[in-house]
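Student: Please read through the structure below; I'll follow up with questions.
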Amino acid sequence: MYQIFRRSAERPWELTGGEPDGFLQLGGAAALPLMLRMRENRSQLSKDGRAAIAALAVLFMATTLVFAFKGLWLIPLFSITAMGVLTFVLDRHARKQASSETLELSETLVRLRDRAGRVIELPAFWLRFHAERRSPGDLRLILRSGERRIEFGHCLSLHEKREVASIVSAALAQVRGG
């Protein structure tokens, strides 16, 4: 999932952590300065989904009781362990914060905040954008400036990466005046 915002010209690089001024409506060309916030798409399990998993767990445990009555105690023990691990993993996934990246573009500077919180700043004029396709299902978004090579958009789906690629290339073309 990604969102496109535009910061005001008075404070395009403010580091106070404030929210951007407003949602940017793209009409053909990207207007600078803009901020592209990319987040991993994480949907929570609905009540119906939880009920379905609980029903499957109960059915799974009921079928293992047949083996317990026959004296095969390792099978129910394995089933209980598997359900415990599944519950633990789903809980950890729900509590983990979704990874995100932020790409800010202005006429002079490009700033990337990656998943680890590192901030990378590069001059916008000499920056080149490449969308490398290693396979039909894999697309890498890369910014290059001299010897530096920065990959971004790790948390996006393939379709979203294609959309972001056109937005970033249009914004960088605007910076170079073409």
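The values are calculated or read from the model by the stated rules, or taken from the named source; none is laboratory data. Here the structure is a predicted model, which means the values were calculated and not measured. Because the Cβ atoms are built from the backbone with ideal geometry, glycine has one as well, and the counts that use them run over all protein chains shown.
Student: So L143 ticks every box in (1) surrounded by 13 or more Cβ atoms within 10 Å (Cβ to Cβ); (2) closer than 30 Å to M61 by Cβ; (3) touching a residue at least 12 places away in the same chain (Cβ under 8 Å) but one. Which box is left unticked?
Tutor: The failed condition is (2).
Student: A further question follows. Taking the criterion of being closer than 30 Å to I53 by Cα, modelled with pLDDT of 85 or more and of a type in the set (A, V, I, L, M, F, W, C), would at least one residue in region 89-107 satisfy it?
Tutor: Yes: region 89-107 contains one or more residues that are closer than 30 Å to I53 by Cα, modelled with pLDDT of 85 or more and of a type in the set (A, V, I, L, M, F, W, C).
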